[in-house]
Amino acid sequence: MASQSIVEIAPRGDVVLVCGSAACTKLRVESKVLALASPVFQAMFDEKKFHEGTTLASYGFVEIALPDDDPLPTKTICQVLHMRFNVLGEHLRPKDLVDIGIVADKYDCSRALSGPAYFWFSRLVDAVDDSGRTQLFIAAYLLKQDQLFRQISHDMVMKTSNNVLPIAYHAEYPMPLQEAVGALNRQRSTLGVKIVRFIEDAVLDVCDDGGPGQCTPECPTVMRGTKFVLQLRACNLCPPSKILIRPLEQTCMALECFQPFEESLSGCSGGSVYWCKGAFLKRSATIKQEFSDMVKETEQNALRLCLKCVQSGEIQQGKCEKDHSK
Ligand SMILES: [Zn+2]
Ligand SMILES: [Zn+2]
């Protein structure tokens, strides 16, 4: 192992962590600080349980090789635990938070990082793209950020455009997390399809479904149908297939943009075979109300996943009913 300088996080610390394998980084830290933050380190420094603890008790110093741990996130975590809060000034990316989360999860010290982690998230949460959002979701799980996990899961449903890639290829991510991402993807598709069907039904409710001989050419119903479809197009709701690839949040804004139009509900005398349904068709003001209700329903139904439920392998469909928010 090549000799390298030590990052003096605690200059008089009694432990040196040697992180990584190829280009390893040495971090000098204080055993008491790590033991307070992490039950894993606490056990490791127990002189009766592990040789690291025995060495520390005998010599007052121990060097611990951690070849599997990524040096950079381990360093950041140690800095925070030792109150070197200057790292809060660093601009971390979503991927960095995932890396920190993997180490924090391994050493079970997420709770001790809670405040700074919340700070890092809050700078990113409203400024990420789809892939960054998925990374933040994963990081919120690993760093046990209950409130952010709820919020980001909701964002995953409402703000993400296409289905995010399954994360199954990352073997280090726990199974409940993979299932949660799957559930959010499924819900995003389901809610999108529901809105598409809803608009298709609205078209049938507003436009008479035609048919040979149904209406006279001057019938106001024909004009209503044209006005309605033009409104849908102006609001970007037509063709409805667009909705399946666009974020639900944008579709909700499009539904809200729809405005009632001037319309005559009188029909015509009808054609030779059918009678005119003009007078019985749905009014555009009613459609407007139904669109607004649809927006509310979509926003309410979009999952806000409870971290503790997901951890225990349960994806709740509505609100968490286990009193986990306390
Ligand atoms: Zn008619
Ligand atoms: Zn719960």
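We did not get these values from a lab; they are worked out from the coordinates using the rules stated. Keep in mind the model is a prediction, meaning the values are calculated, not measured. Heads up, the Cβs are rebuilt from the backbone with ideal geometry, glycines too, and the neighbour counts pull from every protein chain shown.
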Within segment 5-40, trypsin sites (Lys or Arg not before Pro) in DSSP loop having at most 10 other beta-carbon neighbours inside 10 Å: R12
Once the Cα gyration tensor of the chain is diagonalised, semi-axes √(5λ) in Å: 61, 16, 15
Pairs from K49/K75; K95/K319; K159/K296; K159/K227 whose Cα-Cα separation, in the structure shown, is over 24 Å: K49/K75; K95/K319; K159/K227
Taking the chain and dividing mean pair separation by its residue count, relative contact order in percent (alpha carbons under 8 Å, at least six apart): 13 percent
Antiparallel bridges, percent of DSSP beta bridges restricted to the chain (to nearest 5): 40 percent
Per-residue Cβ neighbour rank within 10 angstrom, fewest leading, W120, W275: W275, W120
Relative contact order for segment 185-301, counting Cα pairs under 8 Å that sit 6 or more residues apart, in percent: 33 percent
Fewest-first ranking of Y173, Y141, Y118, Y59, using other Cβ atoms within 10 Å as the exposure measure: Y59, Y118, Y173, Y141
Segment 14-90: GluC sites (Glu not before Pro) in DSSP loop, at most 11 other beta carbons within 10 Å: E90
Cα-based helix-to-principal-axis angle, 114-124 vs the chain, degrees rounded to 10: 40 degrees
S266, S38 arranged by Cβ crowding within 10 Å, fewest neighbours leading: S266, S38
Relative packing of 198-206, 152-160, which averages over residues the other C-beta atoms within 10 Å, highest first: 152-160, 198-206
Separation of the Q311 and S269 label points, Cα + 7 Å toward Cβ, nm: 7.6 nm
Gained length - S122 relative to H91, 0.36 nm times residue gap less alpha-carbon distance: 10.0 nm
